[in-house]
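Novice: I am attaching a structure below and will ask some questions about it afterwards.
The values are calculated or read from the model by the stated rules, or taken from the named source; none is laboratory data. Remember, predicted model here, so these are calculated numbers, not experimental data. Virtual Cβ from ideal backbone geometry, glycine too; neighbours counted across all protein chains shown.
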Amino acid sequence: MTRRSAFSIVIVAPLVMLAPAARGARAATEIALTIEQNRFQPDEIKVKAGVPFVLVITNNGKGAEEFESKELRIEKVIPAGKTVKLKVPALKSGTYGFVGEYHEKTAKGRIVAE
Amino acid sequence: MGGTFVITLREAFEAALLLGIVYTYLDKVGRPDQFHYVTRGALLGVAASILLGVAVTVLSGPLLDLGPDLIGVGVLLVAVVLLTWHGWWMRQHARAVKGDVQRRLDEASATRRFWIVALIAFTGVFREGAETVLFVWGLLAQASVSGIGAAAGALLGIVGAAALGWAVFRGGKRVSLPKFFAVTSVLLLLVAGGLLSTAVGKLQGLGVLPITSVVWDTSSLLDDRGLVGEFLGGLVGYRAKPSLLEMLAYVGYLVVAGALVFGDVVGRKRDRGPAPPSAVLTGEDKEVVTAR
């Protein structure tokens, strides 16, 4: 493999990976989650394993919060007063923690898929 | 206040590291007169971060739901390409230079080089920039005494990260040119590999790429939520629970980009046996070149 062709692989491969992003979404169960006083309400969410769902997160707090789940690879800033819909892919059964990154001590919760 | 300090320090750390490296790079190749490329790239990154921060608070609906994520993934992938390009170029440069770095850089290609460096500065800052803007803005908006203290902590975190970048620059100036090229080309590959696996993880989180099983779990040894784990995550892409796809992307990238950037080293050793002892040259701008 020449250096040039190897180089174009490095450039093209990541772009090809982006292509399926256009895939449409089917209507999925929406689960509401509220942020208030640097806490999540509710702090435990039960979902069906193997079924994608949508988290509808509303930030009623005074400042921005970042919904973060290392395990789900989700990081999403939600400005104060805003609602964000997050599509979550189908999960294997198990418990997945999440935090509000800006207030990790109080803003904690988990998603239980079963 | 301490908590917000750590958050912004962590978010700005990678940008500061990259800025430190590219400033040092320009200094090393004898072109500190071109620092303005990096400075402008970084300032544009700040401006773009503020714009995106404003956009996120104004927008709603699907633009808010998906827009920032797609921009985030795009920035990550562009950064991977730029860092690979830069690493490759540094190796070419190190090979080609037979003593006078200055003269080589005066070639026409040098201008294009500066643009890449400027773009690296831009993506480095923009990557976590909007997040940091929103965070600090949110703290200021609280308009309480504790909010002001928290915002002060957050700003100090950015200053702390800048100090780290400055330390990289000062330290980088002292090491020899070949060593600087060698160390940074390895480091930039690891950073880029980490960015690529982060992009893959984000695409998995978005449902674009399929979810794959967790390859290992070292969270009890070194949690990627802890301070050290987070920094290692930003630096070399450490994950306590990497998914199969993330790991493949990381390893695959290192193999392909490593062959691209360091292929000549391996090839030379195989063709001619161990490299002969390097001639030791004196002077800052001298490159140590083995006979070819």
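Novice: Out of the range A:90-106, which residues are within 15 Å of the chain's Cα centre (by Cα) and surrounded by 14 or more Cβ atoms within 10 Å (Cβ to Cβ)?
Specialist: Across the range A:90-106, the qualifying residues are A:ALA90, A:LEU91, A:TYR96, A:GLY97, A:PHE98, A:VAL99, A:GLY100, A:GLU101.
Novice: List, please: which pairs have Cβ atoms under 9 Å, are six or more places apart or on different chains, and start with a residue in the range B:244-265 that is within 15 Å of B:THR198 (Cβ to Cβ) and end with one that is surrounded by fewer than 20 Cβ atoms within 10 Å (Cβ to Cβ) and of a type in the set (Phe, Trp, Tyr)?
Specialist: Correct list of pairs: B:MET247/B:TRP216.
Novice: Something else: Determine the pairs where a residue that is more than 17 Å from A:ASN38 (Cβ to Cβ), located within the range A:65-80, has a partner that is assigned to a strand (DSSP E or B) and among the acidic types (Asp, Glu) with Cβ atoms under 7 Å apart, the partner being 6 or more residues away or on another chain.
Specialist: A:ILE74/A:GLU68; A:GLU75/A:GLU66; A:GLU75/A:GLU68
Novice: Right, something else. Starting from the range B:84-103, take each residue that is over 16 Å from B:ILE120 (Cβ atoms) and list its partners that are at pLDDT below 70 and among the aliphatic types (A, V, I, L, M), counting only C-beta distances under 7 angstrom and pairs at least six apart or across chains.
Specialist: B:LYS98/B:VAL289
Novice: Identify, please: which residue in the range A:41-77 is over 19 Å from B:ILE211 (Cβ atoms) and facing chain B (nearest Cβ under 9 Å) and is, among those, surrounded by the fewest Cβ atoms within 10 Å (Cβ to Cβ)?
Specialist: Only one residue tops the list, namely A:LYS62.
Novice: Now for a separate question. Select from the range A:12-31 the residues that are surrounded by 15 or more Cβ atoms within 10 Å (Cβ to Cβ) and within 10 Å of chain B (Cβ to nearest Cβ) and write down the one among them that is modelled with the highest pLDDT. Spell out how you get there, then give the answer.
Specialist: Of the range A:12-31, the ones surrounded by 15 or more Cβ atoms within 10 Å (Cβ to Cβ) are A:13-14, A:17-18, A:21, A:31.
The next check asks that each one be within 10 Å of chain B (Cβ to nearest Cβ); those that pass are A:13-14, A:17-18, A:21.
Numbers: A:ALA13: 56, A:PRO14: 51, A:MET17: 51, A:LEU18: 50, A:ALA21: 44.
Once the filter is applied, the top-ranked residue is A:ALA13.
Novice: Quickly run through the range B:37-93 and pick out the residues that are within 8 Å of chain A (Cβ to nearest Cβ) and not in a helix (DSSP H, G or I).
Specialist: The one that is within 8 Å of chain A (Cβ to nearest Cβ) and not in a helix (DSSP H, G or I): B:SER60.
Novice: Being surrounded by 13 or more Cβ atoms within 10 Å (Cβ to Cβ), out of contact with any helix residue (DSSP H, G or I) (no Cβ under 8 Å at 6 or more places or on another chain) and either more than 28 Å from B:VAL6 (Cβ to Cβ) or not basic (Lys, Arg) (or both) is the requirement here; does A:THR34 meet it? Break it down into steps so the answer makes sense when it comes.
Specialist: Details: surrounded by 13 or more Cβ atoms within 10 Å (Cβ to Cβ): yes; out of contact with any helix residue (DSSP H, G or I) (no Cβ under 8 Å at 6 or more places or on another chain): yes; either more than 28 Å from B:VAL6 (Cβ to Cβ) or not basic (Lys, Arg) (or both): yes.
Judged against the criteria, A:THR34 is a match.
Novice: Next question, about the same structure. So which residues in the range B:34-62 are under 17 Å from the mean Cα position of the chain (by Cα) and either aliphatic (A, V, I, L, M) or under 10 Å from B:VAL133 (Cβ atoms) (or both)?
Specialist: B:VAL38, B:ALA42, B:LEU43, B:LEU44, B:VAL46, B:SER49
Novice: Another question, if that's okay. Answer with yes or no whether B:LEU155 is modelled with pLDDT of 85 or more and either among the small types (Gly, Ala, Ser) or more than 18 Å from the chain's Cα centre (by Cα) (or both). Step through it out loud before you land on a result.
Specialist: On the way: modelled with pLDDT of 85 or more: yes; either among the small types (Gly, Ala, Ser) or more than 18 Å from the chain's Cα centre (by Cα) (or both): yes.
The answer is yes for B:LEU155.
Novice: On to the next question. Please verify whether the range B:234-243 includes one or more residues that are outside any loop (DSSP other than H, G, I, E, B) and modelled with pLDDT of 85 or more. Before you say what the answer is, go through the steps one by one.
Specialist: Looking only at the range B:234-243, we keep the residues that are outside any loop (DSSP other than H, G, I, E, B), and these are B:234-236, B:243.
This time we only want the ones that are modelled with pLDDT of 85 or more, so: B:236, B:243.
Taking every residue of the range B:234-243 in turn, at least one turns out to be outside any loop (DSSP other than H, G, I, E, B) and modelled with pLDDT of 85 or more.
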